[in-house]
1. In segment B:35-184, if every C-alpha pair distance is counted and binned at 10 Å from zero, what percent goes to each bin?
2. If you take the accessible area of A alone, add that of B alone, and subtract the area of the pair, what total do you get in Å², probe 1.4 Å, to the nearest 100?
3. Rounding to the nearest 10 and keeping the result within 0 to 90°, find how far the Cα-based axis of helix B:107-120 lies from the longest principal axis of chain B.
4. Let me know the mean shielding of A:322-328 by other chains, meaning the per-residue number of their Cβ atoms within 10 Å of its Cβ.
5. For chain A, take the convex hull of the Cα atoms, compute a quarter of its surface area, and give me that in nm², please.
6. Projected onto the charge dipole of the protein assembly as shown (+1 at Lys/Arg Cβ, -1 at Asp/Glu Cβ, origin at the Cα centre), which of A:229, A:104, B:8 gives the Cα projection farthest towards the positive end?
7. So, with +1 on the Cβ of K and R and -1 on the Cβ of D and E, and no other charges, what is the size of the charge dipole of chain A about its Cα centre, to the nearest 20 debye?
8. Could you please state, rounded to a whole Å, how far the C-alpha centre of segment A:44-108 is from the C-alpha centre of segment B:28-77?
Amino acid sequence: MAVTTYSSTSVRFRQKTTTRWLVRGLGVLILALVAWRVVTVGLAEGYPATFWMSQLINGLVLGGVYALVALGYTLVYGILLMINFAHGDVMMIGGFTGFFALQFFMALGWLQGPAALVALALILIVAAGMFGSVLTGVTLERVAYRPLRGAPRLVPLISAIGASLFLQYSVLLIFGVSPRVYQKPALIEGGFRAGGVFVPYTGLIIFVTSLFLMLMLYLIVQRTKLGRAMRAVAEDKGTAALMGIDVDRVIVFTFILGSALAGAAGVMLGFHNTVVKFNSGFIPGLKAFTAAVLGGIGNIPGAMVGALLLGVIEAIGPSALGIPTEYKDIIAFTVLVLILIFRPSGLLGEVVSEKRA
Amino acid sequence: MLVLDQIHTYYDRIHALKGVSLTVDKGEIVTLIGSNGAGKTTTLRTISGLLHPRMGSIYFEGQPIDHLPAHEITRLGISQSPEGRKIFARLTVRENLELGAFTRTDRAAIREDMERVMELFPRLRERLNQRGGTLSGGEQQMLAIGRALMSRPRLLLLDEPSMGLAPLLVDQIFRIIRNINEQGTTILLVEQNAHVALSIAHRAYVMETGVIVLEGPAAQVLASPQVREAYLGG
Ligand SMILES: Nc1ncnc2c1ncn2[C@@H]1O[C@H](COP(=O)(O)OP(=O)(O)OP(=O)(O)O)[C@@H](O)[C@H]1O
Ligand SMILES: [Mg+2]
């Protein structure tokens, strides 16, 4: 699963050259505009280095969470050549499940207890989020995607958009519009100073957890028998079946992995943003998708690199460009447009050809 | 061991196999020859479960298998080295071989079998940690056969193992195929290279546009004027 998948990227739009140059020109224009803003606004402000450092830290924390979600997009794409547009909402369900677990442990008094108990409760809360997302993801695969396997590629995509809306509005119906507030245990409030830069505990925990989960995923995909089967199925389902691999089971396993990561991300995003509501998965989902495309969709290390990079760009961007933070979402999507213009295969995606010896 | 009874296989509306019947007995090498587009690959894919017949039955060791999915048929002891090798290009040679043993859990024996494959094909040993896609055509063919052996099949399906290989390598591969058979694996061999196939097979079937047109002991088929003219250049 190291790289983009065959048939997809090798099919190229054959644009007229004039159109292509117009689009490229637009891309160059955007880049020039960005550079101009950085020089005239961002640098002119003369922020101290510690300011940039703390932005960088914010970016890495958010990037780590995006990475977990981006991996779900990329894993599923690697195997089914399908963008699971409901993936952000799968994450949101994890956020809700985690919220209820949080309430539960709050009521039990664990989160007000000694550090070991708080840590255990936090781990269980993340696990609950993972569980909620896995249940959702696996159900979606079974109900919304599997029956459409073999249909033209646009069909499951539409089903995914439907699934996304279904999840959002079901949650809206059940829990209403008002956000649920993630109350942080007192123990992880605050932070510490390192070389004049403030590092929040929550951020640190989120980042370390993200890295840990990414490492686990890497080990599963690269070192286990099931991971090997996943990579085989990603390359060639028929031949994988000839090896005795139950392709359907591997696909379910892929959804389990991706959803579990998303569930953990949903909980951590809940702590990071302090709230979760029915549409909390939408924008982060799109950004994680952007990150996956930035790294090269289908490519696992690409999703990690792309997401960290996107997180950092998004954190530094508003100050560097002099954009009010309410508008910071525009940055991620500008990045998406720029990659699609200049390097549709992504940073680490191979430019793939169909040839085989 | 393997019985195909009046098999009809379609690709949508294309009627590719029109009532194919054949049998393979335990211990045999049976070859299926025929010109391009005759339906040889389709026959193998129907046996291994990648395609399902619309009519007819397939029995393996007495059990009907024509409705089973491919991965279950592999578990029963049928293994296929597919046309065009179908090596997992992004996986290493070692991983390709390990995938061949996917259905097995006996680690020690798997390691022994990997040794055995590397004794058959010493070239693979030097390339164990190389990606499958970087191998030469001949090496990929060796890997495809080796990978198919890793499941310890009782029946091995080979689809054009000589394709694209230099004559010297063809001889070598066919010696190995005979060797594998002598060690107890039954083989159904699909070939365009009729001469070599008939020289190592016990029995042969000749196929034309989805039907079997001739069958018999390999020597007899080799001698038949029909085959001499069509496949062996007169
Ligand atoms: N995927 C497919 N879709 C439609 N028709 C197919 C497909 N694969 C094979 N066919 C058709 O089925 C017939 C049998 O093809 P098959 O590949 O079994 O022939 P073959 O004997 O293996 O030929 P070759 O020696 O060239 O490999 C051919 O007419 C071919 O065009
Ligand atoms: Mg063929």
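1. Each 10 Å bin holds this share of Cα pairs: 11, 40, 36, 12, 1.
2. Details: alone 17390 and 10960 Å², together 26010 Å².
Between A and B, the summed buried area is about 2300 Å².
3. 70 degrees
4. Numbers: counts 0, 0, 0, 0, 0, 0, 0.
Mean number of neighbouring Cβ atoms from other chains: 0.
5. Details: hull surface 81.0 nm².
Averaged projected hull area, Cα only: 20.2 nm².
6. My answer, from the dipole projection, is A:104.
7. Its charge dipole is roughly 840 debye.
8. A separation of 48 Å, based on Cα centres.
The values are calculated or read from the model by the stated rules, or taken from the named source; none is laboratory data. Bear in mind that the values here come from a model prediction, so they are computed numbers and not experimental data. Reconstructed Cβ throughout: ideal geometry from the backbone, glycine too, with neighbour counts over all protein chains shown. SASA here: full protein model, heavy atoms, side chains in, ligands and nucleic acids out. Shrake-Rupley method; radii C 1.70, N 1.55, O 1.52, S 1.80 Å.
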